[in-house]
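Trainee: Once you've had a glance at the structure underneath, I'll fire off some questions.
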Amino acid sequence: MRVGEIVGKVTLSTWHPQLRGASWRLVVPFTLDNLNDPDAKRDEPFVIYDELGAGNGTLVAIAEGPEASAPFYPEQKPIDGYNAAIIDELRDELK
């Protein structure tokens, strides 16, 4: 699971029938450098399935690959990325 920031919304003209009731968001995942320095270079954005209602600028926990469709078991949804949680705050307790 990775942490990322929502940077946009994706609009589809057609979609798989099992994907109704949610939205698609464009997310930029953070690297360890981004967590320590917000101005560090970021990874490429990608699209995730969002049932939680995240908006632009929201920090989210991203499940990818087979884990992304795990919350829908036994139904399998054709997704590669899923918004698993909205993050209110990130803290480094080790400092």
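The values are calculated or read from the model by the stated rules, or taken from the named source; none is laboratory data. Nothing here was measured: the structure is a model prediction, and the numbers come from that model. Note that each Cβ is placed from the backbone with ideal geometry, even for glycine, and that neighbours are counted across all protein chains shown.
Trainee: Against the definition (out of contact with any Leu (no Cβ under 7 Å at 6 or more places or on another chain) and without any contact (Cβ under 8 Å) to a residue 24 or more places away in the chain), how does Arg25 come out, yes or no?
Mentor: Numbers: out of contact with any Leu (no Cβ under 7 Å at 6 or more places or on another chain): yes; without any contact (Cβ under 8 Å) to a residue 24 or more places away in the chain: no.
No.
Trainee: Here's another thing I want to ask about it. I'd like to know if the range 21-29 contains one or more residues that are loosely packed, with under 15 Cβ neighbours inside 10 Å, closer than 20 Å to Leu90 by Cα and within 16 Å of the chain's Cα centre (by Cα). Quick ask: steps written out before the conclusion?
Mentor: Our first condition is that a residue be loosely packed, with under 15 Cβ neighbours inside 10 Å; within the range 21-29, this holds for 21.
Remaining after also requiring closer than 20 Å to Leu90 by Cα: none.
Taking every residue of the range 21-29 in turn, none turns out to be loosely packed, with under 15 Cβ neighbours inside 10 Å, closer than 20 Å to Leu90 by Cα and within 16 Å of the chain's Cα centre (by Cα).
Trainee: What's the total number of residues in the range 79-91 that are part of a loop (DSSP other than H, G, I, E, B) and either among the aliphatic types (A, V, I, L, M) or under 12 Å from the mean Cα position of the chain (by Cα) (or both)?
Mentor: Matching residues across the range 79-91 total 3.
Trainee: Of the residues Gln76, Gln18, only one is out of contact with any Leu (no Cβ under 6 Å at 6 or more places or on another chain), surrounded by 11 or more Cβ atoms within 10 Å (Cβ to Cβ) and assigned to a loop (DSSP other than H, G, I, E, B); which?
Mentor: Values: Gln18 fails: assigned to a loop (DSSP other than H, G, I, E, B).
None of the other options fit; the residue is Gln76.
So that you can scan it fast, the table gives a plain yes or no per residue for (1) at pLDDT 85 or above; (2) among the acidic types (Asp, Glu); (3) over 12 Å from the mean Cα position of the chain (by Cα):
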| position | (1), (2), (3) |
| --- | --- |
| Leu35 | no, no, yes |
| Ala40 | no, no, yes |
| Asp43 | no, yes, yes |
| Asp50 | yes, yes, no |
| Gly55 | yes, no, no |
| Thr58 | yes, no, no |
| Ile62 | yes, no, no |
| Ala68 | no, no, no |
| Phe72 | no, no, yes |
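Trainee: Here's a follow-up. Could you tell me which residue of the range 79-95 is modelled with the lowest pLDDT, considering only residues that are loosely packed, with under 12 Cβ neighbours inside 10 Å and in contact with a strand residue (DSSP E or B) (Cβ under 9 Å, 6 or more places away or on another chain)?
Mentor: Filtering first and then ranking leaves Leu90.
Trainee: If you take the residues of the range 43-52 that are touching a Lys or Arg at 6+ places or on another chain (Cβ under 8 Å) and under 17 Å from Phe30 (Cα atoms), which of them is surrounded by the most Cβ atoms within 10 Å (Cβ to Cβ)? Before the answer, list the steps.
Mentor: The first filter runs over the range 43-52 and keeps only residues touching a Lys or Arg at 6+ places or on another chain (Cβ under 8 Å), leaving 47-50.
When the remaining residues are screened for being under 17 Å from Phe30 (Cα atoms), the result is 47-48.
Values: Val47: 16, Ile48: 26.
Among those that are touching a Lys or Arg at 6+ places or on another chain (Cβ under 8 Å) and under 17 Å from Phe30 (Cα atoms), it is Ile48.
Trainee: Only residues that are surrounded by fewer than 16 Cβ atoms within 10 Å (Cβ to Cβ) and either touching a strand residue (DSSP E or B) at 6+ places or on another chain (Cβ under 8 Å) or at positive phi (or both): list them for the range 53-66, please. Let's see the steps before the verdict.
Mentor: From the range 53-66, those surrounded by fewer than 16 Cβ atoms within 10 Å (Cβ to Cβ) are 53, 55-57, 61, 65-66; that's our starting set.
Residues satisfying the conditions are Gly53, Gly55, Asn56, Gly57, Ala61, Gly65.
Trainee: Here's another thing I want to ask about it. Evaluate the range 21-40: report whether one residue or more is over 14 Å from Tyr82 (Cβ atoms) and among the basic types (Lys, Arg).
Mentor: Scanning the range 21-40 turns up no residue that is over 14 Å from Tyr82 (Cβ atoms) and among the basic types (Lys, Arg).
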